[in-house]
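Inspection log for the structure reproduced underneath, given as structure tokens.
The values are calculated or read from the model by the stated rules, or taken from the named source; none is laboratory data. The structure displayed is predicted, hence computed values, not measured ones. Every residue, glycine among them, receives a Cβ derived from its backbone with ideal geometry; neighbour counts consider all protein chains shown. Note: areas computed on protein heavy atoms with side chains; ligands, DNA, RNA excluded. Shrake-Rupley method; radii C 1.70, N 1.55, O 1.52, S 1.80 Å.
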Amino acid sequence: MQQHRTITGSILYTSRKPGREGEERGREYFTWTHHTDGRKTLRARCEIDEPAPTVHRDIIYSLDANDMPTDCFVRLTVGDKFMGSGWFLMNADTIECESFGPSIGRVSQKMPANGVYDGFGTHPIVADAYITRKIDRSTTEPRNFRCFLPSPDHRGATPPFIAESVIKLGYVGTETVTVQAGTFECYHYQFTDPDGGMVSAGGHAHPPYDVWVTADEDAIFVQGGVGGYMQTWYELAELKR
């Protein structure tokens, strides 16, 4: 008999751009596995239809009992062509990567962590929600939030390399939210990038990004959206736990 606990679900991506409000622009399917020793693994498959080129991302990401990353596998298909795959290993003092792709060949990286960091930004929406567990909700003052990433691109659509980003993340408040998957008590958070800690290939700093997350230890994404030039919206469509 297996002892782990499993959570599965899907997220719908839609547009809020003028003239395209509510149009489906992608989807995400996820599975969380929670083990009895406190460790957990996320498996996520993400499909972005718009804007072109399309993105198809597979992620397997594991954390320890203290919610610190231990390892991550990323595989990317962009414009329906293989872009690259990479495996990341998080040690006490370093981040390592073994990556391969048609435009980069075979790459090995090892980067010093240089002190405390908050997590690893894998790009699935469901992972954006879970990382908010690192925020102290006794204050609504945003704080610097330091992460490593497999891609600094806003869609994660570049070959896997180790990148570092410092943005801000703050707690906004508690709200009741109803989406297709049901009604949930949520914590509301906001990511901001006033100093350009995460810049897209087009030179854009990341616009403000609001997320609503289940107000429990699972921290499941419920809804959220990005403003600015992106104008995207995301909602939890299915959840089983």
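Provide the gained length on full extension for the span K81 to N66, in nm with one decimal, where the gain is 0.36 nm per separating residue minus the Cα-Cα distance.
Numbers: separation 15, 0.36 × 15 = 5.40 nm, distance 3.67 nm.
So the chain would gain 1.7 nm between K81 and N66.
For the chain, the longest stretch holding no GluC sites (Glu not before Pro) located in a DSSP loop with at most 15 other Cβ atoms within 10 Å is which?
Numbers: sites that count: E21, E23, E217.
After excluding every exposed loop site, the longest remaining stretch is 24-216.
Which value in nm describes the separation of the simple spin-label points at H34 and R143, placed 7 Å from the Cα toward the beta carbon?
For the pair H34/R143, the computed spacing is 2.3 nm.
Of the DSSP beta bridges with both residues in the range 1-150, give the percent that are antiparallel, rounding to the nearest 5. Let's see the in-between values first.
Working: 59 of 61 bridges.
In the range 1-150, approximately 95 percent of DSSP beta bridges are antiparallel ones.
Over the chain, what is the mean sequence separation of C-alpha contacts under 8 Å (at least six apart), divided by residue count, expressed as relative contact order in percent?
Values: 619 pairs, mean separation 38.4, N = 241.
Once divided by the residue count of the chain, the mean separation gives 16 percent.
Find the all-direction average of the projected area of the Cα convex hull for the range 1-115, expressing the result in square nanometres with one decimal place. Mind showing how you got there, number by number?
Working: hull surface 39.8 nm².
Average projection, Cα convex hull of the range 1-115: 9.9 nm².
Quick one: what does P(r) look like for the range 121-241 with 5 Å bins over all Cα pairs, in whole %?
Values per bin, smallest distances first: 2, 11, 21, 25, 20, 13, 7, 1.
Between R45 and K240, what length comes free when the chain is fully extended (0.36 nm per residue of separation minus the Cα-Cα distance, one decimal in nm)?
Details: separation 195, 0.36 × 195 = 70.20 nm, distance 1.66 nm.
Computed gain between R45 and K240 is 68.5 nm.
Label F100 and K17 with points 7 Å out from Cα along Cα→Cβ: what is the distance between them in nm?
3.5 nm
Could you pull out every residue, at least 5 positions away or on a different chain, whose amide H is within less than 5 Å of the one on I95? Hs are placed 1.01 Å off N in the peptide plane, and Pro or chain starts have none.
Amide H neighbours of I95: M111, A113.
Please give the direction-averaged projected area of the C-alpha convex hull for the range 41-99, in square nanometres with one decimal.
With every direction weighted equally, the projected area is 4.5 nm².
How high is the relative contact order of the range 110-241? Use alpha-carbon pairs under 8 Å, at least six apart in sequence, and give a whole percent.
Details: 274 pairs, mean separation 26.2, N = 132.
Contact order relative to length: 20 percent.
Say each of V107 and E24 gets a label point 7 Å from the Cα, pointing the same way as Cα to Cβ; how far apart are those two points in nm?
With each label placed 7 Å out from Cα toward Cβ, I get 3.4 nm.
Restricting things to Cα coordinates, could you compute the convex hull volume per residue of the chain in Å³? Walk me through the intermediate numbers first.
Details: hull volume 32.0 nm³, N = 241.
That works out to 133 Å³ per residue.
Quote the Stokes-Einstein diffusion coefficient, in whole µm² s⁻¹, for the range 67-171, based on the Kirkwood radius over alpha carbon pairs, a temperature of 20 °C and a viscosity of 1.002 mPa s. Display every interim value, and only then the final one.
Working: Rh = 14.5 Å.
Rounded, D is 147 µm²/s.
Might you tell me the accessible area per residue for the chain, computed with a 1.4 Å probe and given in Å²?
Numbers: 11110 Å² over 241 residues.
Per-residue accessible area for the chain comes out at 46 Å².
What ³J(HN,Hα) values, in whole Hz, does the Karplus curve 6.51 cos²θ - 1.76 cosθ + 1.60 give for the range 150-162 when θ = phi - 60°, with x put for Gly and Pro?
x, 6, x, 5, 5, 9, x, 9, 10, x, x, 9, 6
Take the solvent-accessible surface of the protein heavy atoms, probe 1.4 Å, and return the percent of it on the chain that carbon and sulfur atoms account for.
Working: 5580 of 11110 Å².
Carbon and sulfur atoms account for 50 percent of the accessible area of the chain.
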